[in-house]
1. Tally time: how many residues in region A:430-455 are surrounded by 20 or more Cβ atoms within 10 Å (Cβ to Cβ), more than 19 Å from B:Gln425 (Cβ to Cβ) and either among the basic types (Lys, Arg) or more than 23 Å from the chain's Cα centre (by Cα) (or both)?
2. Just the residues that are facing chain A (nearest Cβ under 8 Å) and either buried (at least 20 other Cβ atoms within 10 Å of the Cβ) or at positive phi (or both), please, taken from region B:159-175.
3. Looking at (1) among the β-branched types (Val, Ile, Thr); (2) surrounded by fewer than 16 Cβ atoms within 10 Å (Cβ to Cβ); (3) touching a residue at least 12 places away in the same chain (Cβ under 8 Å), which one does B:Val321 not meet, given that it meets all the others?
4. In this structure, is B:Leu196 farther than 20 Å from A:Tyr154 by Cα, touching a strand residue (DSSP E or B) at 6+ places or on another chain (Cβ under 6 Å) and outside any strand (DSSP E or B)?
5. Just one of the numbered conditions (1) β-branched (Val, Ile, Thr); (2) more than 27 Å from B:Glu439 (Cβ to Cβ); (3) outside the structural domain of B:Ile134 (by TED's automatic domain parsing); (4) in contact with a Ser or Thr (Cβ under 6 Å, 6 or more places away or on another chain) is not true of B:Val105; which one?
6. For region B:85-110, which residues satisfy the criterion of being away from chain A (no Cβ under 14 Å) and either β-branched (Val, Ile, Thr) or part of a strand (DSSP E or B) (or both)?
7. Report the residue count in region B:15-27 for those that are in contact with a Gly (Cβ under 9 Å, 6 or more places away or on another chain) and crowded, with 18+ Cβ neighbours inside 10 Å.
8. Can you find, within region A:371-429, the residue that is modelled with the lowest pLDDT among those that are under 23 Å from the mean Cα position of the chain (by Cα) and polar (S, T, N, Q)?
Protein chains: 2
Amino acid sequence: MTIVNQLTRAFPKGIVLTSNENTRPFECDGLSVYRQKPLAVVLPDNVMQIKQVLKICKINNIPIVTRGAGTGLSGGAMPLEKSIVLGLSKLNKVKLIDVENQLAVVEPGVRNIAISEAVAQYGLYYAPDPSSQIACTIGGNVSENSGGVHCLKYGLTVHNVEAIRMLTIDGDELILSCQDDGLGLLALMNGSEGLLGVITEVTVKLTPNPAFVKMVMAGFDSVRDCANAVTNIIKAGIIPAGLEMMDSFAIKAAEGFAQVGYPLDAKALLLCELDGIQTQVQLELDNVLKILSGASTLKVSESEEERLNFWKGRKSAFSAVGTLSPDYYCMDGTIPRRYLADMLEKIHKLSKKYQLRVANVFHAGDGNLHPLILYDANVTGELERTEEFGTEILKLSVDMGGTITGEHGVGVEKLNAMCHQFNTQELEIFHKIKQVFDEDSLFNPGKAVPELHRCAELGAMHIHRGELPYPELERF
Amino acid sequence: MTIVNQLTRAFPKGIVLTSNENTRPFECDGLSVYRQKPLAVVLPDNVMQIKQVLKICKINNIPIVTRGAGTGLSGGAMPLEKSIVLGLSKLNKVKLIDVENQLAVVEPGVRNIAISEAVAQYGLYYAPDPSSQIACTIGGNVSENSGGVHCLKYGLTVHNVEAIRMLTIDGDELILSCQDDGLGLLALMNGSEGLLGVITEVTVKLTPNPAFVKMVMAGFDSVRDCANAVTNIIKAGIIPAGLEMMDSFAIKAAEGFAQVGYPLDAKALLLCELDGIQTQVQLELDNVLKILSGASTLKVSESEEERLNFWKGRKSAFSAVGTLSPDYYCMDGTIPRRYLADMLEKIHKLSKKYQLRVANVFHAGDGNLHPLILYDANVTGELERTEEFGTEILKLSVDMGGTITGEHGVGVEKLNAMCHQFNTQELEIFHKIKQVFDEDSLFNPGKAVPELHRCAELGAMHIHRGELPYPELERF
């Protein structure tokens with residue numbers, strides 16, 4: 001009996017999807033340029049059913065690709081050939097809210113924003129806020145160690161998770177808590193991209209709503225002035241709750257889409273959110289306004305409505321770009337903050353070279369770049385040009401002393417780049433650690449960590465790790 | 001040829017210590033109740049020599065116990081029977097200071113405080129500050145994931161390390177950086193207690209000296225009032241740079257030793273340090289003084305000298321207790337903050353029951369307890385009574401929803417307690433991860449993670465992990 005038949009028999013109707021029509025939406029994640037049809041998609045209702053899926057897959061030696069909402073941007077949830085997609089979207093209950101200790105226990109399919117909504121009545125929220133927070137799930141957030149506009153001040157997912165429950169390939173349950181002694185497995189699971197096990201429950205840390213929040217929107221006539229403002233704010237000892245930068249194309253796209261009042265003539269836009277107790281925010285605000293005194297447009301949010309409006313433009317920038325082009329490719333390099341202006345100039349030059357439009361949206365505070373390259377997959381050669389363009393940006397990031405990914409993970413997209421970052425011994429350790437959890441390599445095999453022969457075929461491309469960290473540091 | 005002969009031949013004079021006289025200081029670490037003579041102590045001058053030691057040990061299948069300054073409190077650096085102690089104290093160079101990026105690259109044997117001293121001229125310091133910071137090394141800090149009085153605000157070692165270089169048992173060098181993609185090996189190495197490899201270099205994150213610091217010293221007539229003040233400060237949204245509590249015995253011991261002006265009649269003392277920009281500190285200080293208005297003594301540091309003086313008492317508390325008793329046993333449980341008063345009352349009752357004096361020094365802000373039980377190992381039965389007393393405190397910690405160790409590690413001391421905290425599958429994963437790095441289990445074998453047969457012999461003692469995290473959370 002085929003595995004599809006075994007799965008179909010094992011579960012009630014509606015759990016196992018097999019028809020082309022039903023599995024098509026699962027053929028890719030947010031990195032839609034890569035697509036693969038799975039054997040079947042299983043959408044279990046509970047943990048017992050997950051265990052059953054694992055058992056059947058293990059017996060049949062069939063790979064499992066675990067999926068949350070499929071909003072990932074590096075192909076982590078893209079199906080593999082002859083794999084089963086294990087979708088956890090139905091496990092979407094908030095199980096416990098512990099107000100006093102500021103914790104919530106949730107199922108993996110709970111959407112990021114649903115946590116904040118569930119605890120809003122207690123004056124709490126869940127801090128990490130990826131752009132996809134309306135849709136993306138907490139299980140996916142843990143697997144990718146997601147960031148967001150507020151991670152500059154409030155940390156990545158790994159800093160906001162108290163404990164997880166997970167299943168090994170054998171269906172054994174592990175509980176990993178940041179309170180525990182023993183080896184740091186909780187941090188290891190964060191960002192493990194579905195390679196080690198299936199997350200069945202997450203205990204997240206909640207953050208009290210700040211007593212007072214102000215947002216500054218500043219438009220600049222020059223990209224360099226805007227980038228300098230970013231550096232000067234951080235240098236002044238201020239850690240904003242969010243510090244975002246957009247270039248001219250992104251401003252126009254966002255404003256056209258959301259009509260929030262961004263200055264259409266600005267070459268660059270800075271959004272700076274300050275939160276905390278009122279006196280402190282007021283103090284920081286005064287400092288920030290001094291630093292931003294050279295801006296051509298300068299507005300401070302007068303109301304909560306206005307503040308959310310300022311955010312709305314930024315948060316809809318990706319969707320806005322989506323309406324302007326059949327396809328776009330979102331990059332995720334990270335560079336030292338002080339090279340932000342240089343990088344933008346270089347990207348604009350590359351945009352002309354490759355004759356492809358690009359919108360730049362940066363988590364400027366932590367130097368994390370999201371250039372969106374606009375292309376049309378139906379025009380011969382555009383995808384290839386886009387990929388070359390992207391590779392040039394990643395190389396620039398590394399040359400500036402940065403890294404190839406800030407928060408979107410490796411997935412299938414950045415496997416080659418991993419050969420640059422790690423030496424053979426390091427990659428071997430990654431593989432062996434995967435084996436500890438997953439001996440037969442059934443969880444998302446081939447993703448996140450490149451096979452050694454792949455790196456060998458790429459040639460001797462391990463370029464700079466042998467010298468790290470000095471040259472990197474010197475160059476910062 | 002014996003391994004001792006091989007080592008002696010391989011290195012110049014002064015590197016290998018073999019005589020009883022020379023190896024005796026290495027027979028224990030800060031947990032002096034456990035002692036073991038090693039085969040030899042090797043004190044290499046450089047990384048090449050470390051590689052040579054690993055090679056010789058591997059060929060001879062001899063365990064290696066890596067040691068920094070030997071200030072650890074759980075026996076992590078205690079020699080094993082027929083082992084080699086690999087002491088890294090001579091690798092004590094600060095290799096690079098990167099002021100702009102606030103990083104320093106140091107050898108593993110650099111003392112914690114030596115980092116802050118080296119970077120002081122740039123207005124920077126290294127934030128984690130274990131009580132032993134004058135002596136303990138950064139390599140040991142990483143291995144134990146050390147905390148300190150400032151970790152409430154500035155995080156543990158894991159939060160302050162940017163990258164490490166390490167050697168596997170085969171002498172291969174791995175570079176682990178928090179900027180990297182791939183699995184989270186850097187976090188895994190933090191707190192791995194010498195089980196996975198030898199750290200040969202650490203890149204630490206530096207913190208700018210705060211512009212303004214104030215310290216409040218408050219004496220209370222009642223332990224409960226003091227404990228409530230701790231909770232109320234945190235509830236007010238203030239994260240002090242340090243929030244320390246001492247009981248009457250500890251106050252008297254510290255004052256007797258350091259003469260810093262602690263109120264000798266107080267039942268409990270609170271030290272609360274606030275740092276940041278001046279206006280903010282002033283604001284927080286006003287709030288804290290309101291919260292502490294019921295204190296019987298209340299002093300705010302008027303000068304830097306006075307502030308350091310207030311700290312001097314706290315930081316010399318352990319030494320002070322050491323002068324009052326031939327031996328003491330330092331516990332390290334962690335409990336939810338709100339049970340601080342209950343815990344102190346119970347410890348005082350237990351002190352009467354066991355007829356042993358106890359001094360309590362708490363990192364109150366994060367609920368981390370350091371009861372110091374005073375005993376005399378030369379009085380028959382005192383050590384046994386001390387251990388029973390300690391076990392009762394650990395059980396109380398767990399009953400209150402806490403854990404058995406806050407920052408001192410497992411070592412040899414808390415192996416049995418690990419059987420309580422983890423189930424068989426979890427412990428098996430720990431062992432397998434050790435095998436990934438160290439196939440023949442030569443690095444500090446038997447420490448930190450108990451053998452499964454040990455847990456089995458203890459009986460079915462895995463009491464609460466199956467139910468975690470709910471009952472724990474509910475009980476907080």
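1. The number of residues fulfilling the criteria is 2.
2. B:Glu162, B:Ala163, B:Thr168, B:Leu174, B:Ile175
3. If we test B:Val321 against (1) among the β-branched types (Val, Ile, Thr); (2) surrounded by fewer than 16 Cβ atoms within 10 Å (Cβ to Cβ); (3) touching a residue at least 12 places away in the same chain (Cβ under 8 Å), just (2) comes out false.
4. No; evaluated as a whole, the condition is false for this residue.
5. (3)
6. If the condition is that a residue be away from chain A (no Cβ under 14 Å) and either β-branched (Val, Ile, Thr) or part of a strand (DSSP E or B) (or both), then B:Val85, B:Leu86, B:Gly87, B:Val110 are the ones that fit.
7. Qualifying residue count for the region: 2.
8. Applying the first criterion (under 23 Å from the mean Cα position of the chain (by Cα)) to region A:371-429 yields A:371-375, A:383, A:386-422, A:427.
Of the ones still in play, those that are also polar (S, T, N, Q) are A:386, A:391, A:397, A:403, A:405, A:416, A:421.
Working: A:Thr386: 93, A:Thr391: 86, A:Ser397: 87, A:Thr403: 81, A:Thr405: 80, A:Asn416: 84, A:Gln421: 76.
Within region A:371-429, the match that is modelled with the lowest pLDDT is A:Gln421.
The values are calculated or read from the model by the stated rules, or taken from the named source; none is laboratory data. It should be emphasised that the depicted structure is a prediction, and the values quoted were computed from it without experimental measurement. Ideal geometry is used to build each Cβ from the backbone, glycine not excepted, and the neighbour counts take in all protein chains shown.
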